[in-house]
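The values are calculated or read from the model by the stated rules, or taken from the named source; none is laboratory data. Predicted model, so just to flag it, every value in this text is computed and none were measured. Because the Cβ atoms are built from the backbone with ideal geometry, glycine has one as well, and the counts that use them run over all protein chains shown. The accessibility values were calculated without ligands, DNA or RNA, using every heavy atom of the protein model including side chains. Shrake-Rupley method; radii C 1.70, N 1.55, O 1.52, S 1.80 Å.
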Amino acid sequence: MQLPTGGGGGGGGAPVIDDSTKNIYGPKTTSYFFEEDILDNRDSTRYHVDTSLNNFHRWTFVDRDWNRLVDLGNLGTASRPMFFTPRMSVGRQLGFRAFDAYAFKPGDVQYYDTKSPYTDMYYVQGGLNREILRFGFTQNVNPQVNFGIRIQRLSAQRQYGSYQPRGKAASLARDWSVLLHGSYFSKNKKYALLAHIRTMNHTQMEQGGVILEDSVNYVIGRDDYTGPARLSPAAKSWFRRNTLRVYQQYRLVSGFQVFNQLELENSANRYTDNQPADGLANGVYNLISDREIPPDQTINHTILDNKFGIKGALSGYNYRAYFQVRAQKMQGERHIPDSNSEKYSMSRFEPILGLWMQYRMKDTTWRITSQIEHVLARDLLLKGQLDIPWAKLGFQTALTSPDLLMGMYKNSYLYWNNPDNSFRLAKTVSFTGALPVRLKRFSVTPDFQWHQLVNYLYYDENALPAQHDGSFSLMRIGAETELELKRWRFRTFTYYNEGFDNRIFRVPRLFLSGEVSFAFTYAKALDIQLGVSGYYTTKYYADAYMPMTQQFHVQNKLQVGNYPVADVFANLRIKRVLLLLKYSHVNHRWGSNGEGYFVTPGYMGLKPAFSFGVRWPLFD
């Protein structure tokens, strides 16, 4: 195990100076690692801070995922993956995922090892009243201890519907997320501690989509970008989540360690609309009681997840065996007639056994990984993967329980109470493969995915939980390519998808996303990268969005896609300061669908907008 060395306090605070008396702190003296690296016995793995120009213009969350993430057309709105992603763990989940893209995720938390204080400042003014602010600071107290903080704030304003042009009334989405992290490694290399606290406070003013003047052919007109929304300006979703996570390991003897992962999380989800008449008149709500009661729904959730086990390395094998307990409770409250409220709850306790093994061939990058997880008498996950220099092959089969939200939800417009035996375990069998080919200036990675879905759980056309009785398949064939020709850089993602005419999980038949850029240096001081990026999908019946539950569900009325979107950008760097200039949707009005396009049924993509951003990392 290689311990972090140096740090802001580890060297007594003295600056590092080379023979030319220049400060040499920088990206090479600041490194980080992930919890997974330590858990998988890759204790010496470290990554350096990226200060390159590549992808700096991709500042929105959809852009950062090369448009494989689908939102409601604006920053901070509810989102979902475009393509199917199998569950990677067993056990029940709450089911609110629409705002997960904007949260700090446990697998992405970076723990640092710094030779000097490191500060990272980032700001983008995105045009059309969108903005993102990020701030990070980390420092080693001594060679064994590091602490840090990261803050994120994002906001976006409404583009259509009735609203005041300024202030809170104009807000569409707001997010405040905070991450506090720290790490400790003992001097004798036996004990390690990683801990973090992450919080998320996210608000979205729900609009239900836009009401088009052309409600027959769904052609977007010039006035639709200032047209009415399907919900009142008062409709609002609010999601808050606070999480504490602690990882510990202790080496008893060489090749044998004990470890513990503990996570405690509390979340609250609330939906309110004190003017439900608009939603009823425009088909967002469906009244199922005899009185029109303004929806005021709150769901609280608490979960304790505790995993402890043994792990280590022996004769080329990395191994991990563990026992895990998950205890969680969901509590809901809804308003009923005469100003009363009704409370309901659901509790679950799950014991889980797991085993993970990986074999690495000596003096090669070949490795074979296998994993099994089992919720006693219920969920099951089996996973295997082969990684070799010229191929990556994977297999996974999973039996998973429905989300807690699918079991119980109550208000005057959506109501269900499904006992555990209402749904069978959903089964997924997945085969994946990739064949990376890397040459000096060119790389291509063809990949293949096949998923067989049995008893698939989803939300139907009425936004109610449902289970498909039978099976269907999803197939994806594609390739990622990258080419560098002197100053030119090309990168593309191309996917062909086949859903075999299933009417439950829809994906576009063809997906294209890519960019081309040209880089040069001006006056030996200013690095410039100019480029064009864009994406395109064929038409498909994308899932609709239900604001009350923040769930995407099946619909068969409106197809989206068949509209290319192009952006032009300039990334600049002066020393370590990065700047971005971007004009998005430069091809506005070039398409065949009037003034714009739909991202999600009823939700339009943004009009052209100019963005400006800056990132300033400081290493001393």
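Are any of the residues in region 136-143 in contact with a Ser or Thr (Cβ under 8 Å, 6 or more places away or on another chain), surrounded by fewer than 17 Cβ atoms within 10 Å (Cβ to Cβ) and either of a type in the set (D, E, K, R) or assigned to a strand (DSSP E or B) (or both)?
yes
Take the conditions closer than 30 Å to S31 by Cα, of a type in the set (K, R), in a strand (DSSP E or B) and in contact with a Phe, Trp or Tyr (Cβ under 6 Å, 6 or more places away or on another chain) and apply them to R198. Does it pass?
Here the answer is yes, as R198 does meet what is asked.
At least 1 residues that are of a type in the set (D, E, K, R) and open to solvent by less than 50 Å² (accessible area, probe 1.4 Å) in each: list the strands (runs of 3 or more DSSP E) lying fully within region 417-465 that qualify.
442-454
Would you check if S473 is at negative phi, surrounded by 15 or more Cβ atoms within 10 Å (Cβ to Cβ), in a strand (DSSP E or B) and of a type in the set (G, A, S)?
No, not satisfied.
Restricting the search to region 279-289, which residues are open to solvent by 50 Å² or more (accessible area, probe 1.4 Å) and closer than 18 Å to Q551 by Cβ? Walk me through it before giving the result.
Of all residues in region 279-289, those open to solvent by 50 Å² or more (accessible area, probe 1.4 Å) come to 281-283, 286-288.
Listed by number, the residues that qualify are G283, N286, I288.
Only one of (1) in contact with a strand residue (DSSP E or B) (Cβ under 6 Å, 6 or more places away or on another chain); (2) aliphatic (A, V, I, L, M); (3) open to solvent by 70 Å² or more (accessible area, probe 1.4 Å) fails for L381. Which number is that?
Answer for L381: the failing condition is (3).
From A268, A281, A234, which residue is over 20 Å from M604 (Cα atoms) and free of Cβ contacts under 8 Å to residues at least 12 places away in the same chain? Walk me through how you get there before you give the answer.
Values: A268 fails: free of Cβ contacts under 8 Å to residues at least 12 places away in the same chain; A234 fails: free of Cβ contacts under 8 Å to residues at least 12 places away in the same chain.
Answer to the check: A281.
Counting just the residues of region 322-373 that are loosely packed, with under 15 Cβ neighbours inside 10 Å and among the acidic types (D, E), which one comes out farthest from G384 (Cα to Cα)?
Out of the qualifying residues, it is D338.
Against the condition over 25 Å from R92 (Cα atoms), modelled with pLDDT of 95 or more, in a strand (DSSP E or B) and of a type outside the set (S, T, Y), how does K329 come out, does it pass?
So K329 fails the test.
Quick check on G8: is it at pLDDT below 95, open to solvent by less than 20 Å² (accessible area, probe 1.4 Å) and within 30 Å of G531 (Cβ to Cβ)?
no
Would you be able to say whether some residue in region 558-572 is at positive phi and open to solvent by 30 Å² or more (accessible area, probe 1.4 Å)?
Yes, region 558-572 contains at least one residue that is at positive phi and open to solvent by 30 Å² or more (accessible area, probe 1.4 Å).
Give the residue that is nearest to L578 (Cα to Cα), with candidates limited to residues of region 501-528 that are among the basic types (K, R) and more than 25 Å from the chain's Cα centre (by Cα). Give the derivation first.
First pass over region 501-528, keeping only residues among the basic types (K, R): 503, 506, 509, 524.
From what is left, the residues that are more than 25 Å from the chain's Cα centre (by Cα) are 503, 524.
Values: R503: 46, K524: 16 Å.
Looking at the filtered set, the residue picked out is K524.
Open to solvent by 40 Å² or more (accessible area, probe 1.4 Å) and more than 30 Å from T600 (Cα to Cα): which single residue out of E480, E484 fits that description?
Just a single option satisfies the conditions, and that option is E484.
In region 549-572, what residues are among the charged types (D, E, K, R) and either over 17 Å from N286 (Cβ atoms) or modelled with pLDDT of 95 or more (or both)?
Start the filter on region 549-572 by keeping residues that are among the charged types (D, E, K, R), which leaves 557, 567.
Passing the criteria: only D567.
Would you check if A313 is in contact with a Gly (Cβ under 6 Å, 6 or more places away or on another chain), part of a strand (DSSP E or B) and buried (at least 16 other Cβ atoms within 10 Å of the Cβ)?
In short, yes.
Take the residues in region 193-224 that are without any contact (Cβ under 8 Å) to a residue 60 or more places away in the chain and among the aliphatic types (A, V, I, L, M); name whichever of them is surrounded by the most Cβ atoms within 10 Å (Cβ to Cβ).
M205
So, in region 573-587, how many residues would count as being closer than 28 Å to M82 by Cβ and open to solvent by 30 Å² or more (accessible area, probe 1.4 Å)?
Number satisfying all stated conditions: 3.
Going through region 369-382 one residue at a time, which ones are in a strand (DSSP E or B), in contact (Cβ under 8 Å) with a residue 24 or more places away in the chain and within 25 Å of the chain's Cα centre (by Cα)? Steps first, answer last, please.
As a first pass, look at region 369-382 and keep what is in a strand (DSSP E or B): 369-375, 380-382.
Those still in the list that are in contact (Cβ under 8 Å) with a residue 24 or more places away in the chain too: 373-375, 380-381.
Answer for region 369-382, where residues must be in a strand (DSSP E or B), in contact (Cβ under 8 Å) with a residue 24 or more places away in the chain and within 25 Å of the chain's Cα centre (by Cα): E373, L380, L381.
Which of the residues belonging to region 340-357 are over 24 Å from T400 (Cβ atoms) and either free of Cβ contacts under 8 Å to residues at least 12 places away in the same chain or not charged (D, E, K, R) (or both)?
Within region 340-357, N340, S341 meet the criteria.
Tell me, please, whether a residue that is outside any strand (DSSP E or B), over 23 Å from the mean Cα position of the chain (by Cα) and not hydroxyl-bearing (S, T, Y) can be found in region 479-487.
Checking region 479-487: at least one residue is outside any strand (DSSP E or B), over 23 Å from the mean Cα position of the chain (by Cα) and not hydroxyl-bearing (S, T, Y).
Name the residue, out of E292, E263, that is outside any strand (DSSP E or B), open to solvent by 30 Å² or more (accessible area, probe 1.4 Å) and farther than 17 Å from T549 by Cβ.
The unique qualifying residue is E292.
Contact list please: Cβ distance under 9 Å, first residue in region 389-405 and at pLDDT 95 or above, second residue aromatic (F, W, Y) and surrounded by 20 or more Cβ atoms within 10 Å (Cβ to Cβ), pairs at least six apart or on different chains.
From region 389-405, the pairs are D403/F96; L405/F96.
Run R150 past the list (1) at pLDDT 95 or above; (2) surrounded by fewer than 19 Cβ atoms within 10 Å (Cβ to Cβ) and report the number of the one that doesn't hold.
(2)
Can you report the number of residues in region 225-260 which are open to solvent by less than 60 Å² (accessible area, probe 1.4 Å), hydroxyl-bearing (S, T, Y) and either more than 30 Å from E213 (Cα to Cα) or touching a helix residue (DSSP H, G or I) at 6+ places or on another chain (Cβ under 9 Å) (or both)? Write out each step before concluding.
Initially, region 225-260 is screened for residues open to solvent by less than 60 Å² (accessible area, probe 1.4 Å), giving 225, 227, 229, 231-235, 237, 239, 241, 243, 245-247, 249, 255, 257-260.
Filter once more, so that each one left must be hydroxyl-bearing (S, T, Y): 225, 232, 237, 243, 247.
Filter once more, so that each one left must be either more than 30 Å from E213 (Cα to Cα) or touching a helix residue (DSSP H, G or I) at 6+ places or on another chain (Cβ under 9 Å) (or both): 232, 243, 247.
Count: 3.
Per-residue answers, yes or no, for (1) open to solvent by less than 20 Å² (accessible area, probe 1.4 Å); (2) part of a loop (DSSP other than H, G, I, E, B); (3) of a type in the set (K, R):
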residue	(1), (2), (3)
R58	yes, yes, yes
V62	no, no, no
T77	yes, yes, no
F84	no, yes, no
V90	yes, yes, no
L94	no, yes, no
F104	no, yes, no
G107	no, no, no
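Given (1) part of a strand (DSSP E or B); (2) open to solvent by 40 Å² or more (accessible area, probe 1.4 Å), identify the lone condition not met by S513.
Failed condition: (2).
Checking Y545 against (1) open to solvent by 20 Å² or more (accessible area, probe 1.4 Å); (2) closer than 28 Å to Q152 by Cβ, which test does it fail?
(1)
Inside region 383-412, can you point out the residues that are outside any loop (DSSP other than H, G, I, E, B) and among the acidic types (D, E)? It would help to see each step written out before you state the result.
Step one: list which residues in region 383-412 are outside any loop (DSSP other than H, G, I, E, B), which gives 383-388, 391-400, 404-410.
Within region 383-412, just D387 meets the criteria.
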